[in-house]
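The structure appears right after this line, and notes come after that.
The values are calculated or read from the model by the stated rules, or taken from the named source; none is laboratory data. Note that the structure is a prediction, hence the values are computed from the model and not measured. In this analysis, Cβ positions are derived from the backbone assuming ideal geometry, glycine residues included, and neighbour counts consider all displayed protein chains. Keep in mind that these areas ignore ligands, DNA and RNA; they rest on the heavy atoms of the full protein, side chains included. Shrake-Rupley method; radii C 1.70, N 1.55, O 1.52, S 1.80 Å.
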Amino acid sequence: DLYKKYGIYIFLVVVCTFFSVAAHNFLSASNLINILRQVSMFGIVVIGVTMVMIGGGMDLSVGGQMAVVGMVVGFLLVKLNLPIPVTALVGILTGIAFGTVNGIVAIKLKIMPIIVTLSTMLILQGVAYLITGGYPITGMPKPFLMLGQGYIGPIPIPVIIFVLFILFGWIVMNKTYLGRMIYALGGNKEAARLAGINVDKLTVMVYAFAGFAASIAALIMVARTNASQPGAGSSYPFDCMTAACLGGISIAGGEGKISGAVIGVIIIGVLDNGLVLMGVNSNFQSVVKGIILLLAVAIDCYEAKNKKKA
């Protein structure tokens with residue numbers, strides 16, 4: 001129980017302490033702001049994925065959603081010269097539509113969400129390459145770039161948007177009836193249905209929100225890099241799962257907190273940043289993340305087993 005409560009915070013302190021000794025400039029203010037800016041897009045997506053996981057689902061297609069939304073946004077802005085607000089709206093609606101489709105397919109075909117979203121991930125990654133034949137789209141209008149590169153005071157705009165997502169997620173999951181219904185859905189679907197919760201509608205809503213989060217992250221990513229890349233977000237599905245599981249979100253659903261997922265996001269960000277500062281090969285970073293995901297899931301399964309015994 002001690003691990004459940006404080007384990008992740010202890011882990012964060014250990015990781016930060018290690019890099020502050022091993023990596024030059026790790027604790028500088030500019031680097032810490034940089035970490036927050038790097039994790040903000042990723043963190044926004046994790047908030048969406050966390051809600052899906054608490055509701056007993058899984059979404060591996062978020063990276064593909066980001067890639068397609070990014071390509072659509074680039075195409076509309078650069079090739080068709082559409083106004084920024086119109087483009088942003090189309091991008092967001094596209095993301096919500098992808099999420100909604102995931103939810104509907106999982107319900108109607110009664111397929112495990114992990115299989116549904118793995119399939120949509122592959123489809124969307126293919127679509128992202130087909131839109132422009134695999135070439136990135138560059139040269140976004142200047143005002144649009146503010147979304148990814150701008151600051152309000154000393155704080156980067158993406159970080160502010162991430163904080164808004166954290167607050168929204170925290171309020172919904174901790175303070176509203178909707179949040180309690182999502183926990184109930186993940187805890188026991190049948191019991192939730194018997195309690196009068198519209199299980200199907202709620203499932204679609206949660207996936208739609210994950211799509212919304214992915215689309216906002218895609219807009220920020222395009223604005224930050226000034227390019228729509230067909231391969232954007234390819235590492236996100238498993239990184240999101242790693243951050244959520246690290247943060248104590250149960251793979252089985254019905255358990256976990258938004259705050260835990262946020263700490264998970266920061267740990268992944270600190271690891272990425274620290275390993276880069278130390279000049280570690282990027283392939284080794286993947287190894288580290290894979291090990292962390294395995295450990296986090298193992299602990300989750302072990303605790304679930306103990307709970308059943310108790």
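Using θ = phi - 60° and the Karplus form 6.51 cos²θ - 1.76 cosθ + 1.60, what ³J(HN,Hα) does each residue of the range 83-90 get, whole Hz, x for Gly and Pro?
x, 4, x, 5, 4, 4, 5, 4
Who wins for biggest fluctuation among 191, 243, 227 in a Gaussian network model of the chain, springs between alpha carbons below 10 Å?
191
Quick one: Karplus J couplings for the range 298-309, per residue in order, coefficients 6.51, -1.76, 1.60, θ = phi - 60°, nearest Hz, x for Gly and Pro?
Values, residue by residue: 4, 5, 4, 5, 4, 5, 4, 5, 5, 5, 4, 4 Hz.
Need one value: the accessible area of residue 180 in square angstrom, 1.4 angstrom probe, rounded to the nearest 10.
150
How many percent of the alpha carbon pairs in the chain exceed a separation of 34 Å?
20
Percent relative contact order of the chain, based on C-alpha pairs within less than 8 angstrom and at least six residues apart?
33
Looking at the chain as a GNM with Cα springs under 10 Å, which of 99, 169, 150 has the largest mean-square fluctuation?
Of 99, 169, 150, the most mobile in the Gaussian network model is 150.
If I model a spin label as a point 7 Å beyond the Cα along the Cα-Cβ vector, how far apart are those points for residue 252 and residue 302 in nm?
Label-label distance for residue 252 and residue 302, simple model: 1.6 nm.
Please report, as a whole percent, how much of the solvent-accessible surface of the range 49-100 comes from carbon and sulfur atoms (probe radius 1.4 Å).
Carbon-and-sulfur percentage of accessible area, whole number: 79.
To the nearest 20 debye, what charge dipole does the chain have about its Cα centre, counting +1 at the Cβ of each Lys and Arg and -1 at the Cβ of each Asp and Glu?
The calculated dipole for the chain is roughly 480 debye.
Given all pairs of different Cα atoms, what value in angstroms does the Kirkwood hydrodynamic radius of the range 129-283 take?
In the range 129-283 this quantity evaluates to 18.0 Å.
May I have the convex hull volume per residue, in Å³, for the Cα set of the range 1-99?
Normalising the Cα hull of the range 1-99 by residue number yields 155 Å³.
Extending each Cα 7 Å along its Cβ direction at residue 283 and residue 130, get the distance between those two points in nm, one decimal.
Between residue 283 and residue 130, the label points sit 3.2 nm apart.
Under a 1.4 Å probe, what is the accessible area of the range 72-115 per residue, stated in Å²?
56
Karplus couplings for the range 274-287 from phi (6.51 cos²θ - 1.76 cosθ + 1.60, θ = phi - 60°), rounded to Hz, Gly and Pro as x?
In residue order, the calculated couplings are x, 5, 5, 4, 7, x, 7, 3, 5, 5, 5, 4, 4, 4 Hz.
Pick out which of 129, 207, 236 has the largest mean-square fluctuation in a Gaussian network model of the chain, springs linking Cα atoms closer than 10 Å.
Its mean-square fluctuation being the largest, the pick is 129.
So what's the back-of-envelope 222 nm ellipticity for the chain, counting only DSSP H runs of four-plus at -39500 (n - 2.57) apiece and dividing by all residues, rounded to 500?
Only helices count here, giving -25000 deg cm²/dmol.
If I model a spin label as a point 7 Å beyond the Cα along the Cα-Cβ vector, how far apart are those points for residue 123 and residue 142 in nm?
With each label point 7 Å from Cα toward Cβ, the separation is 4.2 nm.
Mark the label point 7 Å from the Cα of residue 164 along Cα→Cβ and return the residues of the range 97-120 whose backbone N is within less than 14 Å of it.
No residue passes the distance filter.
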